Amino acid sequence: MISMPLTSQGAERLREELKRLKKVDRPRIIDAIAEARAHGDLSENAEYHAAREEQGFIEGRIKELDSALGQAQIIDPTSLDTGGRIVFGATVELLNISTEEEVTYQIVGDLESDIEKSRISVSSPIARALIGKEEGDEVDVQTPAGVTTYEILSVKYI
């Protein structure tokens, strides 16, 4: 069995999502299907078909989360002693050398990554380039736009 790394905060977010899917969304969609069935002919009942499609999505997500949490290797970034090196769970502040733009990312597991919340997957090109580096190092990252050079401004484990 392959274990997938998750931060302790990410695992908690996934547990909360799983709880919501099982306790709130699943009963809601079952009620919607029952109501749509009461309207008669199912072959031309758009509400019924939409509810069944949503039910399939919810059940698939429940299975995905159950499996992921069952196989997860949960890592608490605050308990890591890394000697200043970037590893899984690190929150890294970077300076784009060419644009002088500062960005901050936390390196997390694949399931918990969310670029809008500055959480990048450990398997992303930026994270792979950063792993093992230290504050003050410069890192070249291959991006779709070409090679981008970042300076590592800070490394934190929060």
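Remarks
- Taking the centroid of alpha carbons for each part, the stretch 66-137 and the stretch 1-47 are 30 Å apart.
- Counting other Cβ atoms within 10 Å as a rough exposure proxy, the listed residues V147, V122 run V147, V122 from fewest neighbours to most.
- Amide H contacts of A72 (H built 1.01 Å from N, under 5 Å, at least 5 apart or other chain): M4
- Calculated on the alpha-carbon coordinates, the convex hull of the stretch 74-158 measures out at 89 cubic angstrom per residue.
- With a simple spin-label model that places each label point 7 Å from the Cα along the Cα-to-Cβ direction, the separation between R15 and S67 comes to 2.2 nm.
- Between D41 and T99, the contour length at 0.36 nm per residue exceeds the Cα-Cα span by 14.8 nm.
- Rg then Dmax, both in Å and based on the Cα atoms of the stretch 40-121: 20.6, 67.
- Global form of the stretch 65-110, assessed from the alpha-carbon gyration tensor, a/c cut-off 1.5: oblate
- DSSP beta bridge pairing in the chain, given as percent antiparallel to the nearest 5: 75
- Ranked by how many other Cβ atoms sit within 10 Å of their own Cβ, fewest first, the residues D41, D25, D31 fall in the order D41, D31, D25.
- For the stretch 4-75, the spread of Cα positions along the three principal axes, ordered from largest to smallest, is 51, 17, 13 Å.
- Label-point gap, in nm, between I131 and A34 - each point 7 angstrom along Cα→Cβ: 4.8
Bear in mind these aren't lab numbers, they're just calculated from the coordinates by the rules spelled out. These numbers come from a predicted model, not from an experiment. Glycine gets a Cβ as well: all are built from the backbone with ideal geometry, and neighbour counts include every protein chain shown.
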